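Just below is one structure, and these are the notes that go with it.
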Amino acid sequence: MTIEIIIVGIVCLVVGAVIGMVFSKSSLNSKANFILEDAKKNAENILEKATVQAEATKKEKHLQAKEKFFELKSQHDTDIQSRERKMQEVEKRIKDKEQKLNDDLSKTGKLEKDLDRQIADYSRKNDIIEKKQAELDIATAQKVEMLEKISAYSAEEAKLELVESLKAEAKTRAQAHVQSIMEEAQMNAKNEAKKIVIQTIQRIGTEQAVENSVSVFNIESDEVKGRIIGREGRNIRALEAATGVEIIVDDTPEAILLSCFDPVRREIARLSLHRLVTDGRIHPARIEEVVEKTRKQIEDEIIEVGKRTIIDLGIHGLHPELVKIVGRMKYRSSYGQNLLQHSREVANIAATMAAELGLNVKLAKRAGLLHDIGKVPEQESELPHALLGMQWAEKYGENPEVINAIGAHHDEIEMTSLLSPIIQVADGISGARPGARRQVLESYIQRLKDLEATALGFDGVSSAYAIQAGRELRVMVESGKVNDEQSAQLSYDISEKIQNELTYPGQVKITVIRETRSVNIAR
């Protein structure tokens, strides 16, 4: 029973399973059909949408293509119209040129016709003129022939006589006119020159520039005089020998006179005395040392004076040697007139006159300052001072106008520029004013220089100084070349030469000094 039940149960299970499978398959088929139909519907919907979208896209592209076409067509039409306008303009220009050419051709035709007509008129008038000229020539010849018969002159003779008479008359009139112009020019020139000179003199303030040959050295007390004189006068003798200056110690209270024609020597002696008195040590060796130092100081001062002078006058670019020469002018005189002051006056006067005449003021001032540089040579020269100064200026690269003005201010050479007569006139104005110069002093100084030069011309002479207004000549000789006997002979020879060759008032005492020194140095 149990087995039957089990079998029945199994059979029921199998049948149930088969029935389930059948029902399950049927359900699957129906679901598949439903999905398939749904997919078909979706596909149809998608296809319909795609078709609609494709149509819309097609229409849109078609519209875009139409728009692009119309745009290109419009641009093409614009280009065509632009080309047509250009072609029309070109055609118009061509037509205008053709019209102008036609007009020119027509005008040319008219001009040719007018020219032909003018040529014909000219030919006709020329024929008439030639006929008239021929008739005039015949009539002139007849009249000339008639005049020749009446006057007994040929035509050529009459012409020559007429020309000569006209020449003489014209020459007379021209000479009278030239003479009148020259007289008027000379009158105006003299008046103008006087005016310029008077204005220049009025505008230039001058100082007294006369120098003497004596300097006064002031001392604090007469006790110092004894120290300056030294034992048996050895300090005075050493100082006079070293400087070439005569030192006069007399009864004048608190003063010593320094006498010398050369201002440089006198200044060296004055400064040396000042140093010696201030220092207190006064003996021959110290005197020589101080004099040598003072001489070097004066040389430096000369350069400084030259620099200050050119700065005051506004002169630039002067050669250093010329600056030194200008400084030396301070210690030179011309006929008693200080040479540097004189040259400054000439420079200012020349500059004023050059300004009045419209010339180069700087060159005039430069030439005025340098015009007398030939008066301060370190060694005596046989050349006139104007030519010597000209050589120096040329050597140191001065302007040609300045060189000519220096050389020509005393007419040694020909003047080649307007600056030269101005310097000559300015020099005359500075030297000719009352109190500017003393002629006697210049001749006196020249006599002293000649005395010194005569002594220096002998062998063995180291230095020579004219003192006591030229009444004594002190000659220093080299002890190695001149002995005592030769010193006496040298004194006699110098006196004989001075007596035979020089002109001098009174007597001249020649003193020959021979000094022997032995010097050793302890180390």
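What to note about this one:
- Per-residue extension of 0.36 nm, minus the Cα-Cα distance of residue 83 and residue 316, leaves a gain of 75.9 nm for this segment.
- Only Lys, Arg (+1) and Asp, Glu (-1) charged, at Cβ; the range 233-371 dipole about Cα centre in debye: 420 debye
- Farthest toward the positive end of the dipole of the range 239-344, out of 259, 337, 243, is the Cα of 337, where the dipole comes from beta carbon charges about the Cα centre.
- Note on residue 456/residue 357: beta-carbon distance plugged into 1/(1 + (r/R0)^6) with R0 of 35 Å gives a FRET efficiency of 0.15.
- In order through the range 45-59: 3J(HN,Hα) via Karplus (6.51 cos²θ - 1.76 cosθ + 1.60), integer Hz, x for Gly, Pro: 5, 4, 5, 5, 5, 4, 5, 5, 5, 4, 4, 5, 4, 4, 5
- Between residue 7 and residue 40, the C-beta separation translates, for a Förster distance of 56 Å, into a calculated FRET efficiency of about 0.70.
- Semi-axes of the equivalent ellipsoid of the range 375-415 are 17, 13, 6 Å, computed as sqrt(5λ) over the eigenvalues of the C-alpha gyration tensor in descending order.
- Gain on full stretching of the segment that runs from residue 112 to residue 136 - 0.36 nm per residue minus C-alpha separation: 5.1 nm
- Sites residue 126 and residue 103, calculated FRET efficiency, Cβ-Cβ separation with R0 41 Å, nearest 0.05: 0.75
- Given 296/365; 375/449; 324/395; 449/497; 296/362; 330/449, the pairs whose alpha carbons are separated by over 21 Å: 296/365; 296/362
- Heavy atoms of residue 70: accessible area, 1.4 Å probe, square angstrom to 10: 130 Å²
- Treating each Cα of the range 247-394 as one equal point scatterer and applying the Debye formula with no solvent, the log10 of I(q)/I(0) at q = 0.10, 0.16 Å⁻¹ comes out as -0.45, -0.92.
- Full extension of the chain between residue 53 and residue 468 yields a length gain of 134.7 nm, computed as 0.36 nm times the residue separation minus the alpha carbon distance.
- In the range 275-342, the alpha-carbon atoms span a convex hull of 114 Å³ per residue.
- Among 56-65, 235-244, 315-324, sorting by the average number of other beta carbon atoms lying within 10 angstrom of each residue, highest first, gives 235-244, 315-324, 56-65.
- Between residue 333 and 339, the built amide H atoms are under 5 Å apart, and every one of these is 5 or more places off in sequence or on another chain.
- Surface accessible to a 1.4 Å probe, residue 234 within the full protein complex, Å²: 110 Å²
The values are calculated or read from the model by the stated rules, or taken from the named source; none is laboratory data. Remember, it's a predicted structure, so these values are computed and weren't measured experimentally. Cβ sites come from the backbone with ideal geometry, for glycine too, and all protein chains shown count toward neighbours. Surface areas here come from the heavy atoms of the whole protein model, side chains and all, with no ligands, DNA or RNA. Shrake-Rupley method; radii C 1.70, N 1.55, O 1.52, S 1.80 Å.
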